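Undergrad: Right, I'll just put the structure down here and ask away after.
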């Protein structure tokens, strides 16, 4: 599932993430910096040895939320291009689950935008991981996305 | 315009542990036009008490956007109950 705007590359993939392609996508002659974030599968979770992870997503909404993150990055920071890929399905220890690449003329913007992207992704994108251990499996503790305020009475139908 | 008692059909999606509790990823239900998302969740909670226990940690969505539980539902809407997210 992909969503390519002319300048950003935003992907949900089931095969290993092609990091070289993502970096190549954002890196242009006018750039002085490319910052990347490589989120990888850790071999332990709260003292227990992890065997592997299984990711699932509300794919259409997840891609829409990743697109919003990219838009916010362009609004907030003087950056050039963004590439974000999140992998779904079973991932082994050490594999990359999420990869982000950001290019900019000067490095501060790319660093800050990349940090914003991963922090926001972890709070707002509907993706879930199940952690498999030797003695069972659990859905990882997640973060509650910011929910819209409740109104006392529902708005009338239009 | 809706007449209030008119019945409409909406699509409901379940993810993560909710999918395991309900035993299906997707459902299609009829309910009165304009019913709030909360009323739909209450129906599922009655059928699956374990689901109801998660209510405080869930966020609702309508048509792939986070939505308040009071949001009224209309024909063709796609609703999901989202557990805390853990991507990355």
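Undergrad: To make sure I understand, if each residue's beta carbon is the centre and we count other beta carbons within 10 Å, what order do B:37, B:21 fall in, fewest to most?
TA: Listing B:37, B:21 from fewest to most nearby Cβ atoms yields B:21, B:37.
Undergrad: Enter the mean number of other protein chain beta carbons within 10 Å of the beta carbon of each residue in A:122-131, as an integer.
TA: The shielding value for this peptide is 6.
Undergrad: Taking neighbour counts of Cβ atoms within 10 Å as a proxy for exposure, in what order, fewest first, do A:45, B:61 appear?
TA: A:45, B:61
Undergrad: A further question follows. In the Gaussian network model of chain A, springs joining C-alpha atoms below 10 Å, which of A:83, A:110, A:140 carries the largest mean-square fluctuation?
TA: In the Gaussian network model the winner is A:140.
Undergrad: Something else now. For chain A, what does the relative contact order come out to in percent, with C-alpha contacts under 8 Å and a separation of six or more?
TA: 30
Undergrad: Quick check on segment A:24-113: what are the equivalent-ellipsoid semi-axes from the Cα gyration tensor, as sqrt(5λ), descending, whole Å?
TA: Computed over segment A:24-113, the values are 28, 16, 11 Å.
Undergrad: Moving on. Measure nothing but the geometry: give the 0 to 90° angle between the long axis through the Cα atoms of B:37-47 and the longest principal axis through the Cα atoms of chain B, rounded to 10°.
TA: Once rounded, the angle reads 60 degrees.
Undergrad: Using packing as a proxy for protection, rank A:87-93, A:59-65 so that the peptide with the highest average count of other Cβ atoms within 10 Å comes first.
TA: A:59-65, A:87-93
Undergrad: Per-residue mean of other chain beta-carbon atoms within 10 angstrom of the beta-carbon, peptide B:64-72?
TA: Partner Cβ neighbours, averaged per residue: 6.
Undergrad: Please compute the contact order of chain B in relative form: average sequence separation of alpha-carbon pairs under 8 Å and at least six residues apart, divided by the residue count, as a percent.
TA: That works out to 37 percent.
Undergrad: Oh, and also: I'd like the per residue volume of the convex hull spanned by the Cα atoms of segment B:7-82, given in cubic angstrom.
TA: Expressed per residue, the convex hull around the Cα atoms of segment B:7-82 is 75 Å³.
Undergrad: Can you tell me how segment A:53-158 classifies by the Cα gyration tensor, rounded, prolate or oblate, using a/c under 1.5 as the rounded cut?
TA: oblate
Undergrad: Also: Peptide A:137-148: average number of partner chain Cβ atoms within 10 Å per residue?
TA: Average per residue, whole number: 6.
Undergrad: So what's the back-of-envelope 222 nm ellipticity for chain B, counting only DSSP H runs of four-plus at -39500 (n - 2.57) apiece and dividing by all residues, rounded to 500?
TA: That calculation yields -6500 deg cm²/dmol at 222 nm.
Undergrad: Given bins 10 angstrom wide, list per bin the percent of all Cα-Cα distances in the protein assembly as shown, short to long.
TA: Percent of Cα pairs in each bin: 7, 28, 30, 22, 11, 2, 0.
Undergrad: Could you work out [θ]222 nm for chain A from helices alone, using -39500 (n - 2.57) per DSSP H run of at least four and dividing by all its residues? Round to the nearest 500 deg cm²/dmol.
TA: Helix-only estimate at 222 nm: -9000 deg cm²/dmol.
All of the numbers you see were taken from the coordinates with simple rules; none came from a lab. Not measured: the values here are computed from a predicted model. Counting neighbours? That spans all protein chains shown, and the Cβs are built from the backbone with ideal geometry, glycine included.
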